[in-house]
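Data block below; observations after.
Nothing in this text is a laboratory measurement; each read-out follows from the coordinates by a stated rule. This is a predicted model, so every value here is computed, not measured. For neighbour counting, all protein chains shown are included, and Cβ atoms are generated from backbone atoms with ideal geometry for every residue, glycine included.
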Amino acid sequence: MAKICWITPGHLSTSPRLRKEVLAAQRQGYETTVIATQYMPYLYEDDAAFIRQNPQCRVILLSWGKREFKDQYRKYLSGLLQKLTIVLSKIINSRLLNKIALNRYYYWQLKQANKCKADLYVAHNSGALAVAADAARCISSRFAFDAEDFHDAESHSPDILKCIEHIQRRYLDQAIFITAASPLIAQAYQEKYQLGKIEVILNVFPKNNAELQFKTANKLRLFWFSQYIGRDRGIEECLQALALLNHDNVELHLLGLLHTEEEKYFNTLIKKYHLEEGLVRFHPPISEQELIEFTANFDVGLALETGEPYNREVCLTNKLFVYLQAGLALIASNTLAQRTFLEKWPDCGWLVDLKNHQNLSETIQLLIDHPNKLEQAKQKAYYYGANYLNWEREQEKFIYLIHTCLNPKKSLS
């Protein structure tokens, strides 16, 4: 059977999209390999758990985050090289400099990819694009690109954004196929790079077979999660909205890694807005396997994208689809992508103007005052997740793409 190799500059455990693709391909009988790196020690065990649970998948990892000498030495040298290439890329328009600027381990990943001799390389993230393309060229193979974000409009320096555009303009039109995580990300890439069809594969999750949890607590339980609990993610606006409400009727739960500096920052805001003790509760990160079950304990999922940078205006994040699988009603900020999403999948949530704290506060109060509307929205969200917006359905698009690419005659028969 054909061999597929996925490449990401980051952790295996921080890319559920990549892992779902790997498992879908394995179930079709493909030989799978992942080339990734490790640099956040608290994620090492999550990476190891996936490897233990999926021994059929070959995983090649480069560690550069531990306190051991070799990791620190590797981190220092690669960081120095990357900074130097970023400076030089301002003066010299070099494709090689751009590759290293976007991926400090470009050479290591390319070496591993060449050894793999895959029939198809799949690049996740713009930093992996040149690795996949160059490896495919070396062995006369093929490569694909997955755009989970519109990388041209992320929070990077102008120098890095210039490198991203240079690499994507060089390679994207050579990809055998391109996938995107939202319709508007696909549209943005098509318009900027004059590309043909891009297949939209949403960041959905496998079906949740547990029964829908109905509201039993006296308080409305709001929930937000991410890898990190940080600034400018819509949390500040939510705290301001909560200040306008009766604190006896609502709780806000935030899940993610919370650094000491950020904890001080949010506690200062909590005091500033006179929010009662216990109204805002922080939860440490949990595994992906536990996430949907944990999320089901709440009533409303918050998708509070700020719309800045522009990528946040066009993306549909993982959290949106976790909320649906867990049967939570949605409160979503009025970005282009989320507005379009709720127009297509109505009655499962409410759009709010994130800059208007009164609007957000009134929406929360509506759900407190009308529990029947809350339950109807939760039922609709759960229905969409169970019947349409799940990986069991969405993976068929990816399977078709790889079958068509690697077995064209069989796919057409």
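Data table
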{"quantity": "Residue count for segment 196-239, restricted to those that are aliphatic (A, V, I, L, M), under 29 Å from residue 24 (Cα atoms) and surrounded by 15 or more Cβ atoms within 10 Å (Cβ to Cβ)", "calculated": "6"}
{"quantity": "Number of positions in segment 118-160 that are hydrophobic (A, V, I, L, M, F, W, C), farther than 17 Å from residue 4 by Cβ and not in a helix (DSSP H, G or I)", "calculated": "2"}
{"quantity": "Top-ranked residue of segment 240-278 - restricted to ones that are aliphatic (A, V, I, L, M) and closer than 19 Å to residue 366 by Cβ, ranked as surrounded by the most Cβ atoms within 10 Å (Cβ to Cβ)", "calculated": "241"}
{"quantity": "Residue, farthest from residue 272 (Cα to Cα), within segment 231-250, restricted to residues that are out of contact with any helix residue (DSSP H, G or I) (no Cβ under 8 Å at 6 or more places or on another chain) and part of a helix (DSSP H, G or I)", "calculated": "248"}
{"quantity": "Residue match in segment 327-337 (condition: surrounded by fewer than 17 Cβ atoms within 10 Å (Cβ to Cβ), hydroxyl-bearing (Ser, Thr, Tyr) and closer than 27 Å to residue 190 by Cβ)", "calculated": "no"}
{"quantity": "Filtered residue count, segment 351-387, keeping only those that are crowded, with 20+ Cβ neighbours inside 10 Å, charged (D, E, K, R) and over 28 Å from residue 207 (Cα atoms)", "calculated": "0"}
{"quantity": "Criterion (over 30 Å from residue 100 (Cβ atoms) and not acidic (Asp, Glu)) met by exactly one of 161, 257, 184", "calculated": "184"}
{"quantity": "Counted residues, segment 33-68 - those being without any contact (Cβ under 8 Å) to a residue 40 or more places away in the chain, over 23 Å from residue 111 (Cα atoms), of a type outside the set (Asp, Glu) and loosely packed, with under 15 Cβ neighbours inside 10 Å", "calculated": "4"}
{"quantity": "Number of positions in segment 167-188 that are surrounded by 18 or more Cβ atoms within 10 Å (Cβ to Cβ) and either free of Cβ contacts under 8 Å to residues at least 24 places away in the same chain or part of a loop (DSSP other than H, G, I, E, B) (or both)", "calculated": "5"}
{"quantity": "Segment 297-314 residues that are under 13 Å from residue 154 (Cα atoms), paired with ones that are of a type in the set (S, T, N, Q) and surrounded by fewer than 16 Cβ atoms within 10 Å (Cβ to Cβ) (beta carbon under 6 Å, 6 or more apart)", "calculated": "309/155"}
